[in-house]
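These notes concern the structure reproduced below.
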Amino acid sequence: MGRVFVAGSINMDVVATAERHPRVGETIAGSAVLYFPGGKGANQAVAAAKLGAPTTLIGRLGKDAFGEQLRMFLAAQGVDLSFVKDTPDAHTGTAIITVADADNTIVVVPGANALVCPDDVAMPVLAKGDIAVSQFEIPQATITAFFKRARAAGATTILNPAPARKFDNELLALVDILVLNETELGLLTGRDLRDTDSHNRFADAARSLAGRDRIICVTLGKRGALALVESEPLIVAGREVEAIDTTGAGDCFVGALASQLAGGSSLRHALSYANVAASICVQRMGAAPSMPTAAEVANLLNA
Ligand code: RIB
């Protein structure tokens, strides 16, 4: 089995729940304030580790109370933290999240995540069969350095370009599998995409990002996912579930996909597996703590 390496963000999510989201300039009463481990990198690493892949996280924490709590939580999930540095010059990444009606709004203050640098990704030793995963809550120069090392070692690279931001062709050329949602796909391709659009429309947009061997995977929430493999769409049907909090569902999909590919699964199986894992995640509050176990996913797949 290969190993999953995630270079990415680690945040404390400060979550306020309310009956609806406030409008700009409006104050409303919320119902609860909750603290959950989060950050796209940490969420993806927790998902991969809980689903059975040996997983190493590369990132930074501040030397503060949130940093200590996050380190303890991540270690308890079985994530290898040998390459997570404590950073005295910055606070631990923090996300301010409002959850209402299962939907969220998020403001991320990167803190130590902004200091994850190319030197931080120079130490871990990757090998053929490993999976290197990253997202856009750490600097792009670091991701480029990380993927160059991964490619040189024969590992597979997965980029989740979230939060959506344009990026250069040098980085795109280093990506084997691009996993993004319809908003991110719309921003990167300059198209106005809606979650109600046809599969053909998503496949068309995805084609403009596909390289010769690059796979583009568009996550479509309750509609499942669409992957473009050698220009042909592969559709994974969604699952009808009662969502209570979608925070971290995309991260769950990415971590689950990485765990299955590291274990040698086919892409088709890994995508279906990731889709089921994400459908479990949305039925729970919080990001990292809502990642499912391998037994939970297996139960649904075998049902
Ligand atoms: O993708 C969800 C994550 O985005 C949250 O955990 C929050 O920390 C932000 O990074």
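For n ≥ 4 DSSP H runs only, could you compute -39500 (n - 2.57) per run for the chain, divide by its residues and tell me the 222 nm figure to the nearest 500?
Calculated at 222 nm, the ellipticity per residue is -9500 deg cm²/dmol.
How long is the gain from A152 to R23 if the chain were fully straight, where each residue apart is worth 0.36 nm and the alpha carbon distance is subtracted?
Here the segment from A152 to R23 would lengthen by 41.6 nm.
Report the label-to-label distance for D192 and V14 in nanometres (one decimal), using points 7 Å from each Cα along the Cα→Cβ vector.
3.7
Among all the lysines, which ones have a C-alpha under 25 Å from K63's C-alpha, if same-chain residues fewer than 8 places away are not counted?
Partners within reach: K40, K85.
Could you tell me what % of all Cα pairs in the range 88-129 have separations over 16 Å?
So the portion of pairs separated by more than 16 Å is 60 percent.
Using Stokes-Einstein with the Kirkwood hydrodynamic radius over Cα pairs, what translational diffusion coefficient do you get for the chain at 20 °C and a viscosity of 1.002 mPa s, in µm²/s rounded to a whole number?
112
Taking neighbour Cβ counts within 10 Å as the exposure measure, how do F66, F5, F202 sort from fewest upward?
Arranged by neighbour count, lowest to highest, F66, F5, F202 become F66, F202, F5.
How much FRET efficiency would the formula 1/(1 + (r/R0)^6) give for L267 and A141, where r is the Cβ-Cβ distance and R0 is 25 Å, rounded to 0.05?
FRET efficiency, L267 to A141: 0.30.
Among the Cys residues of the chain, which have no other cysteine Cβ under 4.7 angstrom away?
C117, C217
Please work out the FRET efficiency for the pair Q69 and V107, using the Cβ-Cβ distance as r and a Förster radius of 30 Å; give the result to the nearest 0.05.
The calculated FRET efficiency here is 0.90.
Quick check: residue separation of S82 and A32 times 0.36 nm, minus the Cα distance between them. What number comes out in nm?
14.5 nm
Please tell me the relative contact order of the chain in percent, rounded to the nearest whole number, where contacts are Cα pairs under 8 Å and at least six residues apart.
19 percent.
Note the direction-averaged projected area, equal to a quarter of the hull surface, for the Cα convex hull of the range 138-213, in nm².
Spelled out: convex hull of the Cα atoms, projected over all directions, averaged, 5.2 nm².
Ratio to report: Rg/Rh of the range 251-303, with Cα atoms as the point set and Rh obtained by the Kirkwood method; give two decimals.
0.95
Suppose we keep just the alpha-carbon trace of the range 48-189; what are its Rg and Dmax in angstrom?
Answer for the range 48-189, Rg first and Dmax second: 15.6, 45 Å.
Just tell me, in residue order, which DSSP H segments of the chain are both 18 angstrom or longer along the helix axis (alpha-carbon based) and at least 0.0 in mean Kyte-Doolittle hydropathy.
The answer, listed by residue number, is 140-153, 249-262, 267-281.
Considering the convex hull of the alpha carbon atoms of the range 1-68, report its projected area averaged over all viewing directions, in nm², one decimal.
Averaging across all directions leaves 6.6 nm² for the Cα convex hull.
Could you pull out every one of the lysines with an alpha carbon less than 17 Å from that of K148, ignoring same-chain neighbours closer than 8 positions?
Those lysines meeting the cut-off are K128.
Using a 7 Å offset from the Cα along the Cα-to-Cβ direction at both D213 and N302, what is the distance between the two label points in nm, to one decimal?
Here the answer is 3.5 nm between the modelled labels.
Quick one: what does P(r) look like for the range 178-236 with 5 Å bins over all Cα pairs, in whole %?
Taking all Cα pairs of the range 178-236, the binned fractions are 4, 23, 38, 25, 10, 1 percent.
Compute the Cα gyration tensor for the range 38-102, then decide on rounded, prolate or oblate, letting a ≥ b ≥ c be the square roots of its eigenvalues: rounded whenever a/c is under 1.5, prolate when a/b is larger than b/c in the other cases, and oblate in all that remain.
It is oblate, given that a/c is not under 1.5 and a/b is not larger than b/c.
What percentage of all Cα-Cα pairs in the range 17-129 are separated by more than 25 Å?
Taking all Cα-Cα pairs of the range 17-129, the fraction more than 25 Å apart is 33 percent.
Bear in mind these aren't lab numbers, they're just calculated from the coordinates by the rules spelled out. No experiment lies behind these values; they were computed from the predicted model shown. Positions of Cβ are generated from backbone atoms using ideal geometry, with glycine treated the same way; all protein chains shown enter the neighbour counts.
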